[in-house]
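Single-structure report; data block below.
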């Protein structure tokens with residue numbers, strides 16, 4: 001990959017981050033959190049995308065982002081109110097911006113009609129005139145320019161001046177500003193004229209243009225920059241407000257801002273000298289671009305003198321950058337060494353204790369690493385674990401005393417290997433936020449199609465899980481959220497008639513529980529209509545007409561292939577494939593899904609998944625002449641049955657009494673086909689496990705060898721799909737051991753003995 005391709009790839013990766021920040025900010029504004037930091041973060045996200053797109057000549061993206069940015073500028077300037085209508089337009093515009101980024105990255109054609117319609121709506125929010133005039137001017141000026149591809153911009157300095165003729169001189173400061181744009185400023189779709197216009201809104205300005213570096217026409221490069229703007233600005237605004245005008249172009253220009261001291265000011269030279277010396281000594285920390293906080297400039301002279309021994313004011317997060325003369329002395333930050341934005345937690349901590357947000361308190365440095373390299377590292381660590389176990393096992397088999405120095409060294413090697421493995425797995429661990437952040441857009445689309453009012457609540461976004469699990473969570477979550485809104489929630493008029501708020505609530509929460517990640521999708525809808533579900537299941541031939549089903553069994557019918565409660569096929573549902581896909585996807589991840597529903601109050605869908613698909617803690621057991629691994633997360637307890645606790649029922653079916661209840665006793669060897677003869681229950685070991693839907697059973701094995709962490713090897717990839725087997729691993733002696741699929745084994749065996757269990761339970765009562 002050449003350098004330009006790498007830069008382009010980095011740009012699109014950053015676009016994904018900016019789009020996530022954009023959507024999160026707009027949703028926060030929609031929920032009433034329209035503070036200046038949130039609005040500025042949204043504005044910066046769109047502006048950054050526009051700037052990068054301009055560097056790669058992505059004209060459609062630049063054009064739409066510019067219109068979007070203009071509307072957001074009105075919002076952050078408090079000239080546009082964040083009403084529901086405004087936010088809805090911006091949310092749809094954010095979706096369109098994301099689509100344009102996707103088209104620019106992957107190719108294809110954007111929906112021009114939709115984008116033009118949204119652009120018109122954005123223009124209408126701000127009156128439309130400014131943006132339309134600017135676009136029209138660009139088109140007119142382009143005519144007759146031949147192949148120069150150069151668009152001159154007419155700047156009427158008389159229009160830029162104003163606002164200060166009648167201003168009172170009291171409390172005003174005169175700033176001498178030199179502004180020389182670089183070539184990069186224009187390539188990122190910024191405009192010097194817009195900067196000057198905004199600057200002149202602060203007060204009375206006298207603008208002069210230095211054309212001394214302008215070459216002859218034949219030597220002129222239309223993509224270069226030759227002009228320097230000198231501005232004398234008289235304003236009552238602070239220097240911070242002046243610098244904010246240049247916030248997004250500071251790194252693409254030479255900029256100096258100096259405040260003239262009015263005659264008769266008591267501060268004078270000593271105050272200015274103290275300020276300069278403080279900066280030279282480094283008492284005022286220099287900051288990186290954009291988000292990182294910075295110390296404000298000295299107060300205006302009219303506000304009173306500043307003592308030379310006075311401590312500088314505490315920095316604020318929204319302060320503006322250093323002057324170019326100071327900032328130019330510091331090296332530019334590395335691309336992937338300093339994050340673009342300080343996390344809100346770090347920013348809040350910095351603001352709360354009043355200390356500067358220096359490099360030691362800023363967010364941790366990060367680097368971008370190819371996922372293939374991480375996967376390769378995990379594979380190597382897995383091999384290291386296997387060989388460490390093999391080395392230890394062979395050493396002990398050779399008669400090595402466990403108190404010898406070599407044995408102690410092997411124990412230390414085991415601890416170090418486990419530490420390396422945990423650290424490598426932590427690299428792949430990612431918060432589920434990357435999946436959750438897609439849900440608000442989906443919820444809006446489904447709510448709009450179904451005609452319902454929905455509020456989506458997410459919790460536990462920072463719960464971490466292996467990246468492989470996260471990548472395969474998107475489809476199940478998508479189907480379950482659509483199901484919760486389309487089938488779970490009622491129409492607004494139905495909810496009002498039932499005494500509920502018109503707005504339905506869907507909550508998606510993630511949490512760690514017993515070494516697994518649990519994701520719950522909760523809605524406050526009508527719950528599952530069990531009579532209707534059973535009636536549909538009978539009509540589709542999924543269950544017999546005379547079947548006597550429990551509530552739990554009826555609820556789980558919605559996972560049956562081809563089942564749907566929709567009366568007709570629509571854009572959202574009706575084909576009976578959604579929840580079936582969910583169950584198969586979750587089971588493929590080694591997880592399980594369950595339902596809890598209460599009519600009239602809503603439903604809870606719970607997904608339980610392993611934290612990683614790379615390693616697991618398991619119990620090594622003997623089954624016939626085979627060695628099998630039972631995942632430790634499924635095991636509740638182990639016991640050795642007594643003869644009086646084992647009951648036979650109907651052929652080979654057996655039950656075991658555990659305290660006051662009877663549980664199915666599953667002969668693992670016979671279920672997997674390892675042996676034809678039933679295992680002696682009193683001579684073996686029963687492992688009490690909890691399978692899908694919370695069902696408990698006892699797995700009968702010959703013996704327990706021990707507990708160990710094993711490296712998961714995909715059996716389906718390397719061999720094929722085997723019912724009852726989830727994966728395989730390599731033991732310390734080099735043999736292959738099969739990892740048991742507890743849910744499948746238990747579900748297969750329960751068909752014959754579920755009735756026996758109920759009968760024995762009733763007899764005991």
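Fewest Cβ neighbours within 10 Å first, please rank 452, 467 accordingly.
Listed from fewest to most nearby Cβ atoms, that is 467, 452.
Panel note: the C-alpha atoms of the range 655-703, placed on their principal axes, show extents of 29, 23, 16 Å (largest first). With neighbours defined as other Cβ atoms within 10 Å of a residue's Cβ, the residues 563, 662 order from fewest to most as 563, 662. Ranked by the mean number of other Cβ atoms within 10 Å of their residues, highest first, the peptides 37-49, 592-604, 200-212, 102-114 come out as 37-49, 592-604, 200-212, 102-114. Hey, any idea what Rg/Rh is for the range 187-253, computing Rh the Kirkwood way over Cα pairs? Here the Rg-to-Rh quotient is 1.02. At a threshold of 8 angstrom on Cα-Cα distance, excluding pairs fewer than six apart, so keeping six or more, what relative contact order does the range 432-610 reach in percent? Relative contact order for the range 432-610 comes out at 23 percent. Sorted on the mean count of surrounding Cβ atoms within 10 Å across their residues, most packed first, peptides 76-85, 703-712, 381-390 read 381-390, 703-712, 76-85. In this label model, residue 545 and residue 57 are separated by 7.2 nm, measuring between points 7 Å along each Cα→Cβ vector.
In the range 1-139, inverting the average of 1/r over every pair of distinct C-alpha atoms gives 15.3 Å as the Kirkwood radius. The range 449-511 and the range 627-666 have Cα centres separated by 39 Å.
Quick check: from the Cα gyration tensor, does the range 599-753 come out rounded (a/c under 1.5), prolate or oblate?
oblate
In this structure, residue 114 and residue 736 have a Cβ-Cβ separation that, at R0 = 45 Å, corresponds to a calculated FRET efficiency of about 0.25. Highest mean packing comes first when the peptides 676-682, 58-64 are listed by Cβ atoms within 10 Å, giving 58-64, 676-682.
Using only Cα coordinates, the Kirkwood hydrodynamic radius of the range 362-495 works out to 19.2 Å.
Sorted from greatest to least, the principal axis extents spanned by the alpha carbons of the range 432-610 come out as 44, 35, 28 Å. Using alpha-carbon pairs under 8 Å, 6+ residues apart, how would you state the relative contact order of the range 371-430 in percent? Value for the range 371-430: 52 percent. In angstrom, the C-alpha Rg and Dmax of the range 371-430 are 13.9, 44.
Relative contact order, whole percent, for the range 1-139 stands at 24, derived from Cα pairs under 8 Å and 6 or more residues apart. Label reach from residue 201 (point 7 Å along Cα→C-beta): in the range 74-108, amide nitrogens under 12 Å belong to 74-80. The overall shape of the range 444-484, judged from the alpha-carbon gyration tensor, is oblate: a/c is not under 1.5, and a/b is no greater than b/c.
The slack in the chain from residue 7 to residue 77, taken as 0.36 nm per residue of separation less the alpha-carbon distance, amounts to 21.9 nm.
What ranking of 251, 229 emerges when the number of other C-beta atoms within 10 Å of each C-beta is taken as an exposure proxy, fewest first?
251, 229
A short reminder: the numbers here are calculations on the coordinates, not readings from a lab. Note that the structure is predicted; figures quoted are calculated from it, not measured. Here the Cβ is made from the backbone with ideal geometry for all residues, glycine too, and neighbour counts use every protein chain on show.
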